[in-house]
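Everything below concerns the one structure shown next.
The values are calculated or read from the model by the stated rules, or taken from the named source; none is laboratory data. Just so it is clear, the structure is predicted and the values come from calculations on it, not from any experiment. Because the Cβ atoms are built from the backbone with ideal geometry, glycine has one as well, and the counts that use them run over all protein chains shown.
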Amino acid sequence: MTTNLSLIEKIKSAIDSGAEIILVKVDAKSYVKVSLEIIKFFSSFADGVYVTLNKPYFSLKRMLMKENIDLNKLYFIDSITMQVGGEVVDEERCFYLNSPDPVQLQVMIERAMDLITSNNRFIYIDSLSTISLYKSFETLIKFLRHITGKIRLRGFVGTIFTLEKEMDETYYSQITLMCDEVIEA
C-alpha cells in the first residue's frame, strides 16, 4: 500500500493545530484505501477504538493484519456481524451489537473508551453514512453531539469517516459544526 502523504499530512496538521474531531469525506472508490491509511497512521502511535458499521470484524481483522496493523492497540465495536449471522470471535477485543442503533453505540463506545489508558488515544467511526440509513437525521445529530462531547472530554482524537454524496449537503453542514476539521480525501 502506498501512503497518501497529503491525507496523512492533513490529519497531522489538524491534530497539531488542536483538532479533536476530524471529519473525513471520501469517495466510494477510495474508501478502503483511505480507511486503512488512517488506521495505520493512528495505530502507529496511539491506542484506539474502531467502530465498524460496514465490515464484519472478522473481515476487517484480516485486512488490518495484512497491512501489519497491531490489533492489540485497538478495540472494536462491530454492528454488522450479528445482523448477518456471522461468527463472534475475539470477544476480549471486539464488542458486538445487533445493529448500529445510536443508543447502543453510545453505551458501547463509552465502555470501550474506558479501556484505553494510554496518553495517545483515538476513536475511528466508520461510517457516519451507515448510521444515517438506520435512523432519522435528528437521531444521528443527537448521537454525534453526545459522542463528540465525550471524545473531547476524555482527551481522544475522533475521526469520523463518511462517504461523499451519501447524505444531503444540509446534513453535512450540521455535522461539520461539531467537527474541528473537514478533510476531503
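Taken as a whole, the structure leaves Asp114 outside the set of residues that are acidic (Asp, Glu) and either touching a residue at least 24 places away in the same chain (Cβ under 8 Å) or within 17 Å of Leu53 (Cβ to Cβ) (or both). Counting the residues of the stretch 98-134 that are crowded, with 20+ Cβ neighbours inside 10 Å and in a loop (DSSP other than H, G, I, E, B) gives 3. Taking the criterion of being of a type in the set (Ser, Thr, Tyr) and in a helix (DSSP H, G or I), the residues of the stretch 149-172 that qualify are Thr170, Tyr171, Tyr172. Taking the conditions (1) surrounded by fewer than 20 Cβ atoms within 10 Å (Cβ to Cβ); (2) within 14 Å of the chain's Cα centre (by Cα); (3) of a type in the set (Asp, Glu) in turn, Asp70 satisfies each one other than (2).
The number of residues in the stretch 37-55 that are surrounded by fewer than 21 Cβ atoms within 10 Å (Cβ to Cβ) and either touching a helix residue (DSSP H, G or I) at 6+ places or on another chain (Cβ under 6 Å) or modelled with pLDDT of 95 or more (or both) comes to 7.
Here's the yes/no breakdown for (1) touching a residue at least 12 places away in the same chain (Cβ under 8 Å); (2) closer than 17 Å to Leu60 by Cα:
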| residue | (1), (2) |
| --- | --- |
| Asp78 | yes, yes |
| Thr81 | yes, yes |
| Gly85 | no, yes |
| Arg93 | yes, yes |
| Ile109 | yes, no |
| Ile125 | yes, yes |
| Leu153 | no, no |
| Ser173 | no, no |
